[in-house]
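Only one structure is covered here, and it is reproduced in the block below.
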Amino acid sequence: MSDLPEHDETLATRAGRNPPENHGVVNPPVYRASTILFPTMESFESRVADRWQPGKVVYGLFGTPTTFALEEAMTTLEGGYGCVVLPSGMAAVAMAILAFVRSGDHLLMVDAAYEPTRMFCDDTLTGLGVETTYYDPLIGEGIAALIRPNTRVVYLESPGSLTFEVQDVPAIARAAHARGLKVLMDNTWATPLYFKPFEHGVDVCIHAGTKYISGHSDIMSGLITMTEPCYQPVRRTVFGFGQCAGPDDTYTVLRGLRTLPTRLKQQSLQALKVARWLKDRPEVGRVLHPALPDCPGHDLWRRDYLGASSLFGFTLRSNDRSAVADFLDGMRLFGIGASWGGFESLLIPAYPGQLRTATAWPDDEFLIRIHVGLEHTDDLIADLEQGFKRIGKLGSE
Ligand SMILES: *Cc1c(COP(=O)(O)O)cnc(C)c1O
């Protein structure tokens, strides 16, 4: 790997494939496997130790060369010692946490977390005897005051994928490491391209490969990358729970990764253009885009991030539900749908105030979360403009 050029665009096209080993075929093949045959008794017996090592073909559950190709590509782009591939982003969230907490332990979870992550803490972890305390996304080094003797993990999601506060990852990581905690972070928004977690003190990094990495709204995928000390605990937990991603899905995620830098660059530019346009609209309150100054933690984004993806939020100066419905329902190009990171633009209504316990949400207006896809921005802006006209009409009736 050491002779590879260093830019992410190049790495994304090269990492995890080796055509000379594969008859010159550009992409790695899809290996389907459960049974693996061993030539001798001795090699069969050595598989037990090998299954905890990266890149060893020992049994279908532990991955095939298709899996290892994606794992290698992820660690090349993101850094860290190793990666495991999971069947969904939520599986990645759950497995990463379960690797480091036991009954009687305590976890610090960011108040802006992805809602199913919160549900996992409130339902599953509570049931297992693990207590969660939610903390202000903007707490920074103040996290130290929340650490208890039984706290094992600080979990970050930066920016929050609904409310977009950017966290002070290095300050939180320093405070956590001073007390021996593990630092877990959901990096789905930034992707391995726009935030390098291991340069900022993260131990375990979680991605929904479902989003930008696969990029075409046709696959569920999760990925965990981690430092060397965290590799064994995570890998043992993942396989202890029998988690394994299918070979076709894994291949498809790797194919998406090849074009991630280009898609993201284009979507990032387009999102910023749409965000700036929204900021000037009288119908819009706050625009929560980490690259714009209104976004809490914007300075941290400037300090630590290499770019902004195309998911952001804005508040509407209306809490009239029927006006908001009229805005959303009449869209020609924007779909109403969860998930994001594909080529198509999306809008969803959100109510962050209902999802928080540690911090109050300042707006009682509707928050609209917007995902800007690859359509032409003029067409997207025209669609939004028509939407605002529909709100205006209702307001004046
Ligand atoms: C979507 C998402 C997940 C979960 O991913 P799935 O593949 O949908 O299970 C986790 N974290 C964040 C921030 C997400 O947006």
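Laboratory data are not the source of any read-out in this text; all were calculated from the coordinates shown. From a predicted model like this one, the values you see are computed outputs, not experimental measurements. Here Cβ is always computed from backbone atoms with ideal geometry, including for glycine, and neighbour counts include all displayed protein chains.
Here are the numbers:
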quantity	calculated
Kirkwood Rh and Cα Rg combined as Rg over Rh, evaluated for region 219-267	1.08
Hz values of 3J(HN,Hα) by residue in region 162-177 - Karplus curve (6.51, -1.76, 1.60), Gly and Pro given as x	10, 10, 6, 5, 8, 8, 7, 4, x, 5, 5, 5, 4, 5, 5, 5
Fewest-first sequence of GLU199, GLU115 by Cβ atoms within 10 Å of each Cβ	GLU199, GLU115
Mean residue ellipticity (222 nm) of the chain, computed from DSSP H runs ≥ 4 via -39,500 (n - 2.57), nearest 500	-10500 deg cm²/dmol
Theoretical gain in end-to-end length, LYS56 to GLU6 [0.36 nm per residue, Cα-Cα removed]	15.3 nm
For region 318-343 and region 189-232, distance of Cα centres in Å	28
Length-normalised contact order for region 265-397 - Cα pairs under 8 Å, 6+ apart - percent	28
Residues MET95, MET220 arranged by fewest to most Cβ contacts within 10 Å	MET220, MET95
Label point distance in nm, PHE388-GLN354, each placed 7 Å from Cα along Cα→Cβ	2.7
In nm, spacing of pseudo-spin labels at VAL25 and PHE343 (7 Å Cα→C-beta vector)	2.4
Inverse of mean 1/r across different Cα pairs in region 220-309, Kirkwood, Å	16.7
For region 260-391: rounded, prolate or oblate by the Cα gyration tensor [a/c cutoff 1.5]	oblate
Relative contact order, percent, the chain [alpha-carbon distance under 8 Å, six or more residues apart]	16
The chain, dipole about Cα centre (Lys/Arg Cβ +1, Asp/Glu Cβ -1), debye to the nearest 20	320
Distance-filtered residues of region 13-29 - backbone nitrogen under 19 Å, label point 7 angstrom along ASP218 Cα→Cβ	27-29
Using a Förster distance of 22 Å, the FRET efficiency for THR35-ASP248 (Cβ separation, nearest 0.05)	0.75
Extension gain, ARG317 back to ARG179 (0.36 nm per residue minus Cα-Cα distance, nm)	45.3 nm
Descending principal axes extents, the chain, alpha-carbon based, whole Å	82, 54, 35
Debye log10 I(q)/I(0) at q = 0.18 Å⁻¹ for region 132-269, Cα point scatterers	-1.10
Sparsely packed trypsin sites (Lys or Arg not before Pro) within region 44-87, loop by DSSP, other Cβ within 10 Å at most 15	none
FRET efficiency for MET119 and ASP363, using Cβ-Cβ distance with R0 set to 30 Å, rounded to 0.05	0.80
Nearest-0.05 FRET efficiency for GLU141 and ALA49, computed from C-beta distance (R0 35 Å)	0.25
Computed log₁₀ I(q)/I(0) - Debye formula, equal Cα scatterers, no solvent, region 47-197, q 0.10, 0.12, 0.17 Å⁻¹	-0.38, -0.55, -1.04
Cα gyration tensor, region 293-341 - rounded (a/c under 1.5), prolate or oblate	oblate
Under 27 Å from LYS273, Cα to Cα: lysines that are on another chain or at least 8 residues apart	LYS196, LYS211, LYS265, LYS389, LYS393
Relative exposure of ASP304, ASP379, ASP105, judged by other C-beta atoms within 10 Å (fewest first)	ASP379, ASP105, ASP304
